Amino acid sequence: MSTMTQQSDTEAPSIPHAEGTDLVIRLEQVWKTYQMGDQDVNALAGVDLTIKRGSFWAISGSSGSGKSTMLNLLGCLDRPTKGTYLLEGRNIADTSDDELSDIRLKHLGFVFQNFHLIPQLTVQENIALPLFYQGIIGADASEQAAKLATRVGLGDRLEHRPTELSGGQQQRVAIARALSNNPSVLLADEPTGNLDTATGNSIMELLGELHAQGKTIIMVTHEPDIAAHADYELVMRDGNIESISENPPHPSRSDHGGHGS
Ligand SMILES: Nc1ncnc2c1ncn2[C@@H]1O[C@H](COP(=O)(O)OP(=O)(O)OP(=O)(O)O)[C@@H](O)[C@H]1O
Ligand SMILES: [Mg+2]
């Protein structure tokens, strides 16, 4: 019998019964049905999808095609009505609400279009918030939050409040916060939607760096230029996957030109 020790800085999943560690997510015939009066709305209609660890996905598709439903489901904010969602090998359909929120806290990071920072808290405190919810407080949390702030280029803004930052800086804080629990998957809903093009590009470079460091990233976007940063573009249509295409490495990637073999 092996005793699991906690701290391994490889990508080892902390849900123990994950099988095939190169798979993070698997959807099998996933349906999400909303009851509207006497009508059923299939926001997701039998989706099959496999997401490998370390891959970077962009989800697009027209309004009402099911993008937000898909992201909410992947983010364990919701369960499928029918079908199987395996996250790190664990079936999300079988979990209680408490387990679901525990899985979110431990395994997922969220980045939103509107940043969703707490205005009363400093940069450092905002970043430390998910740690707080996991019972990590005091010097440990502060130190970890400061490190993450530095990682997103805001090491000199720890005491600032969100209103004292530019939009791009606020989104960097939100990304640092999303990373603070070292999530298996980073989910981003239109992360550049409220930013000008140049600032949006710098956020995409940051996501590209995180991807290069091995993070799994799933992002909803309706902008082709933004989607081009991902490895895979998934297009939704009427609650299902219309197409998945693979992108060439994005020119902004630091490893471009050097990915020889
Ligand atoms: N809570 C809900 N109750 C009922 N129907 C819903 C609910 N949420 C979504 N839907 C329906 O499910 C379908 C997919 O919605 P979803 O929000 O996933 O689309 P979307 O691709 O994110 O669209 P948009 O680009 O406009 O944000 C739509 O037809 C929508 O009306
Ligand atoms: Mg949406």
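Quick note: the coordinates plus some simple rules give every number you see, no bench work behind them. Given the structure is predicted, the values throughout are model-derived calculations rather than measurements. Methodologically, a virtual Cβ is constructed for each residue, glycine included, from the backbone with ideal geometry; neighbour enumeration extends over all protein chains shown.
Working from Cα pairs under 8 Å separated by at least six residues, relative contact order for the chain is 24 percent.
The value of relative contact order for region 92-243, using C-alpha pairs under 8 Å at least six residues apart, is 26 percent. What's the FRET efficiency of residue 158 with residue 245 using the Cβ-Cβ distance as r and R₀ = 30 Å, to the nearest 0.05? Approximately 0.15, to the nearest 0.05. Which of rounded, prolate or oblate describes region 46-200 when judged by the alpha-carbon gyration tensor and an a/c cut-off of 1.5? Cα axes put region 46-200 in the oblate bin. With neighbours defined as other Cβ atoms within 10 Å of a residue's Cβ, the residues 235, 111 order from fewest to most as 235, 111. Full extension of the segment from residue 106 to residue 129, taken as 0.36 nm per residue of separation minus the current Cα-Cα distance, would add 7.0 nm.
Around the amide H of residue 155, modelled in the peptide plane, lie the amide H atoms of 150, all under 5 Å away and 5 or more residues distant in sequence or on another chain. Between residue 52 and residue 40, the modelled label-to-label distance comes to 3.5 nm, taking each label 7 Å out from Cα in the direction of the beta carbon.
Inverting the pair-averaged 1/r between distinct Cα atoms of the chain gives 19.1 Å as its Kirkwood hydrodynamic radius. Applying 1/(1 + (r/R0)^6) with r as the Cβ-Cβ distance of residue 139 and residue 225 and R0 = 45 angstrom yields a FRET efficiency of 0.60. Cβ crowding within 10 Å ranks 125, 246 as 246, 125, fewest other Cβ atoms first.
A cut-off of 5 Å between modelled amide H atoms, ignoring neighbours fewer than 5 places along the same chain, links residue 188 with 111, 218, 219, 220.
Expressed to the nearest 5 percent, the antiparallel share of DSSP beta bridges inside the chain is 55 percent. For the chain, no complete DSSP H run has alpha carbons reaching 24 Å or more along its own long axis together with a mean Kyte-Doolittle score of 0.5 or higher.
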